[in-house]
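Here's the structure we're looking at; comments come further down.
The values are calculated or read from the model by the stated rules, or taken from the named source; none is laboratory data. Being a predicted model, the structure only gives us computed values, none of them experimental. Every residue, glycine among them, receives a Cβ derived from its backbone with ideal geometry; neighbour counts consider all protein chains shown. For accessibility, only protein heavy atoms count, side chains too; no ligands or nucleic acids. Shrake-Rupley method; radii C 1.70, N 1.55, O 1.52, S 1.80 Å.
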Amino acid sequence: DVKVTQSSRYLVKRTGEKVFLECVQDMDHENMFWYRQDPGLGLRLIYFSYDVKMKEKGDIPEGYSVSREKKERFSLILESASTNQTSMYLCASTSGGGYEQYFGPGTRLTVT
Amino acid sequence: RKEVEQDPGPFNVPEGATVAFNCTYSNSASQSFFWYRQDCRKEPKLLMSVYSSGNEDGRFTAQLNRASQYISLLIRDSKLSDSATYLCVVRNTGTASKLTFGTGTRLQVTL
């Protein structure tokens, strides 16, 4: 079974803090994705990566950056957290030619 | 206009009922179509792909109408365990494995 894990299920941070969200997949997938999910807005793509050290902006990249130094790990960074970044963050992965995205359990981030 | 639109529901149906959800997409170049299921406080998971000829998986039937740019999901003989949010998902040409998700339709099956 594909497994995608995220470093925390719940996280509370203060405004202005730097926040790291980690995602690890164990299926040697080329593509990895970071989404945020908000009520009424659904899943929105923040960034994705199709190879080590490669990244592309998604639909809402402002205020975020990413890092992919190893194939299995994709990190989302909030340089200076703000209250409007309070959300559920979901990581996903898929193989190069695949379309089924496998999601991690999500991290519920609250910025106070 | 959202790229993928769904009625948010909730659809409240009794056990054993048949229920159908529709979804419309705006990009005529959309290439592949899927339904994902998301249980409360859980991650989304692929339910089924949607093919032009229509496809069935047990009690679930998915259909695609490219001319009208809509996708449907039919659930027959609803079970309590079908209660979830159903996400309509499209993949556009040339975007590798990047997917666009609808906001989801919530289904609540009751006794």
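Condition check for B:Y51 on (1) buried (at least 19 other Cβ atoms within 10 Å of the Cβ); (2) farther than 26 Å from A:S87 by Cα: one failure, at (1). Looking at A:Q37, A:Q85, just one residue is of a type outside the set (A, V, I, L, M) and within 11 Å of chain B (Cβ to nearest Cβ), and that residue is A:Q37.
Yes/no matrix, rows are residues, columns are (1) within 17 Å of A:L109 (Cβ to Cβ); (2) in a loop (DSSP other than H, G, I, E, B):
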| position | (1), (2) |
| --- | --- |
| A:D1 | no, yes |
| A:E17 | yes, yes |
| A:G40 | no, yes |
| A:F48 | no, no |
| A:I60 | yes, yes |
| A:V66 | yes, no |
| A:E69 | no, no |
| A:A81 | yes, yes |
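Looking at B:S72, B:S83, B:S30, just one residue is among the small types (G, A, S) and within 18 Å of A:E100 (Cβ to Cβ), and that residue is B:S30. Exactly one residue among B:S68, B:S97 is assigned to a loop (DSSP other than H, G, I, E, B) and open to solvent by 20 Å² or more (accessible area, probe 1.4 Å), and that residue is B:S68.
Close Cβ contacts (under 6 Å, 6 or more residues apart or on different chains) running from residues in the range A:75-94 that are under 14 Å from B:E43 (Cβ atoms) to residues that are surrounded by fewer than 18 Cβ atoms within 10 Å (Cβ to Cβ) comprise A:M88/A:R108. Note on the range A:41-63: residues that are open to solvent by less than 20 Å² (accessible area, probe 1.4 Å) and either more than 13 Å from chain B (Cβ to nearest Cβ) or of a type in the set (D, E, K, R) (or both) total 1.
Within the range A:84-99, one or more residues are of a type in the set (S, T, Y) and farther than 21 Å from A:T5 by Cβ.
Name every residue in the range A:78-104 that is at pLDDT 95 or above, crowded, with 16+ Cβ neighbours inside 10 Å and of a type outside the set (S, T, Y), in order of residue number. The answer is A:L78, A:A81, A:Q85, A:M88, A:L90, A:C91, A:A92, A:F103, A:G104.
Being without any contact (Cβ under 8 Å) to a residue 24 or more places away in the chain, open to solvent by 60 Å² or more (accessible area, probe 1.4 Å) and assigned to a strand (DSSP E or B) is a property that B:Q31 lacks.
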